[in-house]
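To keep things clear, I will list the structure first and then write my remarks on it.
The values are calculated or read from the model by the stated rules, or taken from the named source; none is laboratory data. If you're wondering where the values come from, they're calculated on a predicted model, not measured in any experiment. So basically every Cβ, Gly included, is an ideal-geometry build from the backbone, and we count neighbours across all protein chains shown.
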Amino acid sequence: MRLDAFLKKSLLIKRRELANQLCDEGMVRVNGSPRKASHEVKPQDELEFPLYNRVLKVRVLDLPEGNVRKADQWSFFEVLEDKRLPIDLGLGGDDPFAPPPKAPRNQ
């Protein structure tokens, strides 16, 4: 099964167009190597790709045939790692939810 089709049918990515775009930009890695959307995915392959503010690493368990119900999506892959990326709001500093620093008082 094609890489972009697996990402869509397993419900990891909602649209095949987005899966194609990620593959074309070299952001989807199969077993550590960037792959195109036409790459054939097999069971036991490890996929790693960014999705919004996180990076997912999953192992392919089985290939879906036809449409997949949301309740059944977990039978096709196993999540190995789910790294959250910090959100850069342009405030400077490490924690985007920290209160802004107080201005010094002149006494």
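Kindly indicate which of R59, R54, R16, R84 is of a type outside the set (V, I, T), surrounded by 11 or more Cβ atoms within 10 Å (Cβ to Cβ) and modelled with pLDDT under 90.
Among R59, R54, R16, R84, only R54 is of a type outside the set (V, I, T), surrounded by 11 or more Cβ atoms within 10 Å (Cβ to Cβ) and modelled with pLDDT under 90.
What about L47, is it of a type outside the set (D, E, K, R) and in contact (Cβ under 8 Å) with a residue 24 or more places away in the chain?
Values: of a type outside the set (D, E, K, R): yes; in contact (Cβ under 8 Å) with a residue 24 or more places away in the chain: yes.
Criteria met by L47.
Output the residues belonging to the stretch 58-74 that are within 18 Å of the chain's Cα centre (by Cα), free of Cβ contacts under 8 Å to residues at least 60 places away in the same chain and under 19 Å from K14 (Cβ atoms).
Those that are within 18 Å of the chain's Cα centre (by Cα), free of Cβ contacts under 8 Å to residues at least 60 places away in the same chain and under 19 Å from K14 (Cβ atoms): V58, V60, K70, W74.
Hey, among K36, K8, which residue is assigned to a helix (DSSP H, G or I) and at negative phi?
Going through K36, K8 in turn, the sole match is K8.
Would you be able to tell me the number of residues in the stretch 9-37 that are of a type outside the set (A, V, I, L, M) and either closer than 14 Å to V60 by Cβ or in contact with an Asp or Glu (Cβ under 8 Å, 6 or more places away or on another chain) (or both)?
Counting residues in the stretch 9-37 that are of a type outside the set (A, V, I, L, M) and either closer than 14 Å to V60 by Cβ or in contact with an Asp or Glu (Cβ under 8 Å, 6 or more places away or on another chain) (or both) gives 10.
Looking at V30, V41, V68, which one is among the hydrophobic types (A, V, I, L, M, F, W, C), surrounded by 12 or more Cβ atoms within 10 Å (Cβ to Cβ), touching a helix residue (DSSP H, G or I) at 6+ places or on another chain (Cβ under 7 Å) and modelled with pLDDT under 90?
V68
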